[in-house]
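To keep things clear, I will list the structure first and then write my remarks on it.
The values are calculated or read from the model by the stated rules, or taken from the named source; none is laboratory data. The structure displayed is predicted, hence computed values, not measured ones. Positions of Cβ are backbone-derived with ideal geometry, glycine not excepted, and every protein chain shown enters the neighbour counts.
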């Protein structure tokens with residue numbers, strides 16, 4: 001399974017879980033178990049998005065060449081105290 005497929009599958013699971021949690025009639029225990037599972041799925045999605053963000057490249061044109069360079073995180077551009 002590719003990273004994108006894994007991300008999509010995890011996101012789908014999270015969306016389905018949210019829909020189920022929004023339905024009335026859940027016990028407190030069921031709601032808490034669903035919330036816990038949802039938070040784990042959310043963490044997996046956030047990790048996948050962070051990994052994708054790190055792979056993003058900025059394409060800049062320099063003369064006749066196109067050069068790809070890694071995208072610097074915003075905090076690298078700030079001065080440290």
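Points worth noting:
- Within the stretch 10-29, tally of residues that are over 21 Å from the mean Cα position of the chain (by Cα) and without any contact (Cβ under 8 Å) to a residue 12 or more places away in the chain: 8
- Yes/no for residue 26 being under 30 Å from residue 2 (Cα atoms) and at pLDDT below 95: no
- Test: residue in the stretch 34-50 that is surrounded by 10 or more Cβ atoms within 10 Å (Cβ to Cβ) and modelled with pLDDT under 70: no
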